[in-house]
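Down below is the structure, laid out as structure tokens.
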Amino acid sequence: MRDPLFRTAITEFFGIRHPILCGGLMWLADGRYVAAVVNAGGMGFITALSFPDPEAFRDQIRLCRDLTGGKPFGVNISVSRRPGVNERLQPHVAIAIEEGVRFVETSGSSPAPILARLHEAGVKVMHKVPAVRYALAAQREGVDAVAVVGAECGGHPGYMMIGTMVQAALASRQIEVPLVIGGGIGTGRQVLGALAMGADGVLLGSRMIAAEEIWAHRRYKERVVAGDGTDSRVVMQLFKGHHRVLDNEAAQAVAALEAQGVTDFAAYRDLVAGEKVRGAYESGDFSQGMIDYGQSVAFVDGIEPVETIFDSLIDDAAAARARLDGLWADRADARRATA
């Protein structure tokens, strides 16, 4: 494991070695994967709703605690905009509190329905959003940190589709709580760039989906390794539910319906069902399902352990910092003067 290269508000907030977070990956972010992230010096989040049975979720929390030797880790809880749906979150929230989870990454809609309960239990909350305006709203609601993701991210980049580089520069001017930037990040030089623009850490998603500790079928991971970042597409734009996914047969079928102007969601239901994605991960048949797939797959060169990925990120960040140190005009002038 590499020595710490940076100390930021995020490394202090989470008590971690590196300012690298691995966001909740639906179906994939289980206790084993999150433990590998924590043990490599970052922070990860078990995706609560990957386990509709709350007791299975509890089992994953306990597994992660065992594998990390008691080090802190997080869970991801996705909040819905649909009335009544958030009732299903209550058992997961209760279990996270009962099991002593210290950090929660919320995503989706406003975290307000569960924020007070988490804070009363001493849990710190980082809310993930696709635009700075939502980060400001979450900050006003009292979250402890925010993550802002750009249009390059896999999953849901928001209907405004603002790029990560713009998000980072905008957010750092307005956000006062610890700030994380994600979307298309998969190299150490990008980590350094995000910090230079004012972020306190970065959030990785698609960069990690070929990690050895991810349980998905090897055939799918090999498909990710073969990807070049151009093989995603954004669907569900007709519903302003922009979703960046692998450009597979199912996504092409959804795009065709949108091109025809079909607004009856029933026509899409089978194509976008979440269980189709879980099936794709299990079987390796990646032709089906809306499989979250961001542009940072361009940086996935092989199926590697999480710690190896982290080491390469830190090494690359160190090399980028050294290059930057050599670019300052006064230092270049000094070198010429002594040559």
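Among all residue pairs at least 6 apart or on different chains, which show Cβ distances below 7 Å where the first residue, located in segment 34-45, is closer than 18 Å to ASP315 by Cα and the second is modelled with pLDDT under 95 and crowded, with 24+ Cβ neighbours inside 10 Å?
none
Take the conditions hydrophobic (A, V, I, L, M, F, W, C), surrounded by fewer than 24 Cβ atoms within 10 Å (Cβ to Cβ) and closer than 20 Å to ILE291 by Cα and apply them to ALA256. Does it pass?
Here the answer is yes, as ALA256 does meet what is asked.
Anything in segment 227-246 that is surrounded by 18 or more Cβ atoms within 10 Å (Cβ to Cβ) and either at positive phi or without any contact (Cβ under 8 Å) to a residue 24 or more places away in the chain (or both)? List them, or say none.
Listed by number, the list holds a single entry, MET236.
Can you tell me which condition CYS153 does not meet? The list is (1) under 17 Å from the mean Cα position of the chain (by Cα); (2) under 14 Å from THR8 (Cβ atoms); (3) not in a helix (DSSP H, G or I), and all the others hold.
Only one criterion is unmet by CYS153, namely (2).
Restricting attention to segment 216-232, which residues are at pLDDT 95 or above, closer than 15 Å to ASP292 by Cβ and not β-branched (Val, Ile, Thr)?
Listed by number, the residues that qualify are ALA216, TYR220, LYS221, ARG223, GLY227, ASP231, SER232.
Given ALA250, ALA280, ALA211, which one is in contact (Cβ under 8 Å) with a residue 40 or more places away in the chain and in contact with an Asp or Glu (Cβ under 8 Å, 6 or more places away or on another chain)?
ALA211
Taking the stated definitions as given, is GLN139 outside any strand (DSSP E or B) and closer than 30 Å to LEU324 by Cα?
no
Please find, among LEU192, LEU203, the residue that is in contact with a helix residue (DSSP H, G or I) (Cβ under 6 Å, 6 or more places away or on another chain) and not in a loop (DSSP other than H, G, I, E, B).
LEU192
Of all residues in segment 173-182, which are more than 23 Å from GLY294 (Cα to Cα) and outside any loop (DSSP other than H, G, I, E, B)? Lay out the reasoning, then the answer.
From segment 173-182, those more than 23 Å from GLY294 (Cα to Cα) are 173-178; that's our starting set.
Within segment 173-182, ARG173, GLN174 qualify.
Return the residue satisfying two criteria in turn: it lies in segment 271-328 and is among the aromatic types (Phe, Trp, Tyr) and within 19 Å of the chain's Cα centre (by Cα), and of such residues it is farthest from GLY241 (Cα to Cα).
PHE310
State all residues of segment 206-226 that are in a loop (DSSP other than H, G, I, E, B) and either among the acidic types (Asp, Glu) or crowded, with 19+ Cβ neighbours inside 10 Å (or both); if no residue qualifies, say none.
ILE209, ALA210, ALA211, GLU212, GLU213, ILE214, ALA216
Within segment 101-136, track down each residue that is in contact with a Ser or Thr (Cβ under 9 Å, 6 or more places away or on another chain), part of a helix (DSSP H, G or I) and either β-branched (Val, Ile, Thr) or under 21 Å from MET236 (Cβ atoms) (or both).
ILE114, TYR134
The values are calculated or read from the model by the stated rules, or taken from the named source; none is laboratory data. This one's a predicted model, so the numbers in the text were calculated from it and none came from an experiment. Note that each Cβ is placed from the backbone with ideal geometry, even for glycine, and that neighbours are counted across all protein chains shown.
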